[in-house]
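The values are calculated or read from the model by the stated rules, or taken from the named source; none is laboratory data. Since the structure is predicted, the reported quantities are computational estimates derived from the model, not experimental observations. All Cβ positions, even for glycine, are placed from backbone atoms using ideal geometry, and neighbour counts span all protein chains on display.
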Amino acid sequence: MSEQKFKSKFSNNEYWLKVAENWRKVEAPFRPSFNDLEIYESFLSRVLKNKKSPRILILGSTPRLRALAVKYTDNVTVVDININMMLAMTELMKIKNQKEIWVKANWVTAPLEHNYYDVILGDFVTTNVSWKEYKVWWKHLSDLLKPRGAFITRAFVALPKAEHIEILDKIMHRIMKKDSFNNKDYSEINVAIDIVDSDVKNKTARSTNKEMFFRVLEKYEISLKKKEKLYQGMAEVFPSTDKIWRMPTEEDVNKEVSLFFDILDKKSDNESIFKKTSPIYYLVKKEIDEILK
């Protein structure tokens, strides 16, 4: 990912180790659902049809994407800014690719060979690249791909504020009926609060902290005891951080993409409450004459 400085009660390495340690507890939309993976695979099979020994680059250490890639080739490169995250996430994988190449680098400047990869895979990577870096990043990805190579990624897109509130209302309607909570509740409420409390002007969001949690949920008729229980469970799964996430709209993403890629397809997990915010893009690198227009 892009190098971003952020504060936490953990050190940088401790934070990512904690994230990896908790990954088994994390549910969609933080990690791809099984429906998402079916979409990824449908796109990937289209890209790699009749290709022998394809080369795949993965942005980040997401175990499910790495498990998907190895079904098609062992020529896989994983790029992550944090080696501890790579190590910890690898321990979660049932089937490991012993030939997988790891590169500790910033996604924006990763020193990789140009015109080399058939496919790049990512998950929610667009939110991790800052507004200052995104144009350089899109060009870098294009440079790394072979002619007409593909980039397949789930992108988080911001909706109008009212639609984010509607998502939170639906989640809270379910949660308020419960006496105990599970990892799905913690994952969904964490994302919903992030987006409801996002900075619309600057198109950014912060990770949920305690003050934000209780302020956003103040309007809901749920006991303080139950709110405390919900917060403690969520905080255990998602360690506290002051990291800032980029929140482009779908229009922003489509505009960014069009600089270097064509959109061949776009699908969402229709069973997810976050289906509008989490489309999976099937992008293909533009020909050089298209880029230079």
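Regarding P279, is this residue crowded, with 18+ Cβ neighbours inside 10 Å and in the same structural domain as K184 (by TED's automatic domain parsing)?
Values: crowded, with 18+ Cβ neighbours inside 10 Å: yes; in the same structural domain as K184 (by TED's automatic domain parsing): no.
No.
Answer yes or no as to whether K229 is part of a loop (DSSP other than H, G, I, E, B), more than 25 Å from the chain's Cα centre (by Cα) and modelled with pLDDT of 95 or more. First the steps, then the outcome.
Values: part of a loop (DSSP other than H, G, I, E, B): no; more than 25 Å from the chain's Cα centre (by Cα): yes; modelled with pLDDT of 95 or more: yes.
So K229 does not fit the description; no.
Residue-by-condition table, conditions (1) in contact (Cβ under 8 Å) with a residue 12 or more places away in the chain; (2) of a type in the set (G, A, S); (3) out of contact with any helix residue (DSSP H, G or I) (no Cβ under 8 Å at 6 or more places or on another chain); (4) not assigned by TED's automatic domain parsing to the domain that holds V108:
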| position | (1), (2), (3), (4) |
| --- | --- |
| S130 | yes, yes, yes, no |
| I165 | yes, no, no, yes |
| K201 | no, no, yes, yes |
| R206 | yes, no, no, yes |
Exercise for the section: Name every residue in the range 224-253 that is crowded, with 19+ Cβ neighbours inside 10 Å and touching a strand residue (DSSP E or B) at 6+ places or on another chain (Cβ under 7 Å), in order of residue number. Expected result: W245, R246, M247, P248
Practice task
Please state which of the following conditions T77 fails to meet, knowing it meets all the rest: (1) among the polar types (S, T, N, Q); (2) in a strand (DSSP E or B); (3) surrounded by fewer than 18 Cβ atoms within 10 Å (Cβ to Cβ).
Solution key: (3)
Practice task
Find the residue count for the range 225-249, including only residues that are in contact with a Ser or Thr (Cβ under 9 Å, 6 or more places away or on another chain) and closer than 20 Å to A158 by Cα.
Solution key: 7
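Table: residues versus (1) outside the structural domain of L144 (by TED's automatic domain parsing); (2) in contact with a Ser or Thr (Cβ under 9 Å, 6 or more places away or on another chain); (3) surrounded by fewer than 21 Cβ atoms within 10 Å (Cβ to Cβ).
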{"position": "I56", "(1), (2), (3)": "no, yes, no"}
{"position": "G60", "(1), (2), (3)": "no, no, no"}
{"position": "R66", "(1), (2), (3)": "no, yes, no"}
{"position": "I83", "(1), (2), (3)": "no, no, yes"}
{"position": "T90", "(1), (2), (3)": "no, yes, yes"}
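To keep it simple, each residue is scored yes or no on (1) at pLDDT 95 or above; (2) surrounded by fewer than 19 Cβ atoms within 10 Å (Cβ to Cβ); (3) in contact with a Phe, Trp or Tyr (Cβ under 8 Å, 6 or more places away or on another chain).
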{"residue": "E113", "(1), (2), (3)": "yes, yes, no"}
{"residue": "L121", "(1), (2), (3)": "yes, no, yes"}
{"residue": "N128", "(1), (2), (3)": "no, no, yes"}
{"residue": "S142", "(1), (2), (3)": "yes, no, yes"}
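Taking the residues in the range 49-74 that are in a helix (DSSP H, G or I) and among the aliphatic types (A, V, I, L, M) as candidates, determine which candidate is nearest to D118 (Cα to Cα). Please lay out each step first, then the result.
Residues of the range 49-74 that are in a helix (DSSP H, G or I), as a first pass: 63-69.
Then keep just the ones that are among the aliphatic types (A, V, I, L, M); that gives 65, 67-69.
Working: L65: 15, A67: 17, L68: 15, A69: 12 Å.
By that ranking, first place goes to A69.
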